[in-house]
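Structure record follows, encoded as structure tokens.
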Amino acid sequence: MMSENLGLVKSLKLPHVVFMGLAWMTPMIYFTIYGVAYEAAEGKMAVAYIVAFLAIFFTAYSYSRMVKAYPIAGSAYTYTKNSIHPKAGFLVGWALLIDYVFSPIIAILTFGIFMNTEFPAIPTYVWIIIMNIVLAVVNILGIKSAARISGISVLLQIGFIFLFCMLIIKDILAGEGTSSILTLAPFFGEDAAMGTIFSGAALICFCFLGFDAVTTMAEETVDAQKTIPKAIFLIIFIAAIMYISISYLTQIAYPDFTFVNADNAAYSLVRLIGGNLLSSLFIMVLIVATFTQGLSSVTSVSRFLYALGRESILPKKLFTSLHPKYKTPVSNIIFIAVISLSAVFISLDSAVLFVSFGALTAFIFVNLSVIAHFYIKLKKRSPKETFLYLVFPLVGATFIGWLLTLLDLATLKFGVSWIMIGFVYLFIKKWSKAKERKFAISTLKRIQSEKKYVR
């Protein structure tokens, strides 16, 4: 039924990759963390999003360079392994397992929570099981099916955000908030402390996570060395335009907006702007968004496991097998579906923090990989190249490293413990291989000795 090493099929073009990346990122994430981000930035959301975009831009640039150097499915693991050292690559790959494995869990759990809110009679775990099955089936049928569904979801999310902005503009023109749409008030002010803005930006950076996931689709993308870098920048620019636009307009129209509960602050804002009709539409689009985020997450993690299996970090026979008809890593997809059932027991906060640890660890090493590959190995050291291949990625690595230190102590302890488990696994794996090699050599010597004796 299964076939090994048939190879992933190149079928994705630029629009497919962009939609998959945006689906993973989920533009509606803006509303999910709105209250927490608003408090962290003390209302200065527009400038905080600009700072966050600039911070992410450096890492996005590093990804665009490395995918040109290594257009294969391993993403940050492959870049670090080939540019720095195999052991460093293993560390990144092991850390990324947290990111990629918990990403579908977050989407599935969020979907279950929203659906249970809308239909309280049906328990959350029922929605989790249903979504798990649907995500697995759609991913097994093929990556283009996932890309098409992701495209519809992204268009719905962008459509809602556009409608949301139009309604705010209508309110502004009707005299709500400041008198003009064109103003610098959201960016400047006596109360705009830089420390506060950077604290807000540190949290807001997580709204951009997802642009990196498209690198796992390199082997299924037509002309990946050109398509993937273009997709990366399109994804972060589209996201930045949406996030900054919403923040700018809401700050103008509702400069004194207040809320009681940060978790549902966005819902309060939506009701304020569009009443019950818009809030109902908001919930519907948010549910669709979490579904397609799960779809894109399963696609990414199944390809990442495929890359680790091919490198023999994970059992090769299991993780590199492809469906003979659909050419999808069906074993990996089923494996993720089984693990994702843990969404029934795990908390959303814990899953989000674990993803953050894995993603930020990988981002640091991708930036360092640019320096190792281009500046050190290839010796690209002209003034322009020094700026692009040393200064740019160094700024990116420093900023992301600072973000990593902002995670809570429990998450950092879990992350370090997970990496230590990884090194124990690596030691056992190498010891097992050495033992097998020793046994093979002794067997060969015994056979040769027996042949000599027979002669």
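Structure notes:
- Of all residues in region 199-223, those that are part of a helix (DSSP H, G or I), more than 17 Å from Asp99 (Cβ to Cβ) and either open to solvent by 10 Å² or more (accessible area, probe 1.4 Å) or free of Cβ contacts under 8 Å to residues at least 60 places away in the same chain (or both) total 3.
- Near pairs, Cβ below 8 angstrom, 6+ apart or cross-chain, from region 254-272 (assigned to a helix (DSSP H, G or I)) to any residue that is open to solvent by less than 40 Å² (accessible area, probe 1.4 Å) and among the polar types (S, T, N, Q): Tyr267/Ser279; Leu269/Thr250; Val270/Ser279; Arg271/Ser279
- Residue in region 175-191 that is aliphatic (A, V, I, L, M), part of a helix (DSSP H, G or I), farther than 25 Å from Lys327 by Cα and at pLDDT below 80 present: no
- Options Ser347, Ser342: the member that is in contact (Cβ under 8 Å) with a residue 24 or more places away in the chain and open to solvent by 30 Å² or more (accessible area, probe 1.4 Å): Ser342
- Restricting attention to region 47-66, the residues that are touching a Pro at 6+ places or on another chain (Cβ under 8 Å) and of a type in the set (A, V, I, L, M) total 1.
- Some residue of region 322-342 being of a type in the set (A, V, I, L, M), closer than 30 Å to Phe399 by Cβ and at pLDDT 85 or above: no
- Taking the numbered list (1) among the aromatic types (Phe, Trp, Tyr); (2) at pLDDT 85 or above; (3) open to solvent by 60 Å² or more (accessible area, probe 1.4 Å) in turn, Phe423 passes all entries but (2).
- Residues located in region 375-389, provided they are more than 25 Å from the chain's Cα centre (by Cα) and either under 21 Å from Gly294 (Cα atoms) or open to solvent by less than 60 Å² (accessible area, probe 1.4 Å) (or both): Tyr375, Ser382, Glu385, Thr386
- Residues considered: Phe345, Phe363, Phe354. Of these, the only one that is within 20 Å of the chain's Cα centre (by Cα), of a type in the set (Phe, Trp, Tyr) and closer than 28 Å to Met131 by Cα is Phe354.
- Residue within region 353-360 that is open to solvent by 40 Å² or more (accessible area, probe 1.4 Å) and either in contact with a Ser or Thr (Cβ under 6 Å, 6 or more places away or on another chain) or at positive phi (or both) present: yes
- You will find that of Thr117, Thr110, the residue that is assigned to a helix (DSSP H, G or I), open to solvent by 50 Å² or more (accessible area, probe 1.4 Å) and among the polar types (S, T, N, Q) is Thr117 and no other.
- Selected residue (only one of Phe237, Phe282 is at pLDDT 80 or above, in a helix (DSSP H, G or I) and more than 16 Å from Val51 (Cβ to Cβ)): Phe282
- When region 370-408 is filtered for residues that are among the small types (Gly, Ala, Ser) and assigned to a helix (DSSP H, G or I), the ones remaining, listed by number, are Ala372, Gly396, Ala397, Gly401.
- Those residues of region 224-262 which are over 30 Å from Arg303 (Cα atoms) and crowded, with 19+ Cβ neighbours inside 10 Å, in sequence order: Ile244, Ile246, Ser247, Tyr248, Leu249, Thr250, Gln251, Ile252, Ala253
- Only helices (runs of 4 or more DSSP H) whose full extent lies in region 4-105 are considered here, and the ones with at least 2 residues that are charged (D, E, K, R) and in contact with a helix residue (DSSP H, G or I) (Cβ under 6 Å, 6 or more places away or on another chain) are 45-69.
- Unique match (being within 19 Å of Trp94 (Cα to Cα) and open to solvent by 10 Å² or more (accessible area, probe 1.4 Å)) among Pro315, Pro324: Pro315
- Test: residue in region 78-99 that is among the basic types (Lys, Arg) and surrounded by fewer than 24 Cβ atoms within 10 Å (Cβ to Cβ): yes
- Test for Leu135: is it buried (at least 24 other Cβ atoms within 10 Å of the Cβ) and either at pLDDT 85 or above or not in a helix (DSSP H, G or I) (or both): yes
The values are calculated or read from the model by the stated rules, or taken from the named source; none is laboratory data. Everything numeric in this text was worked out from a predicted model, so none of it was measured. With ideal geometry, Cβ positions are generated from the backbone for all residues, glycine too; neighbour counts draw on all protein chains shown. These accessible areas exclude ligands, DNA and RNA; they are computed on the full protein's heavy atoms, side chains included. Shrake-Rupley method; radii C 1.70, N 1.55, O 1.52, S 1.80 Å.
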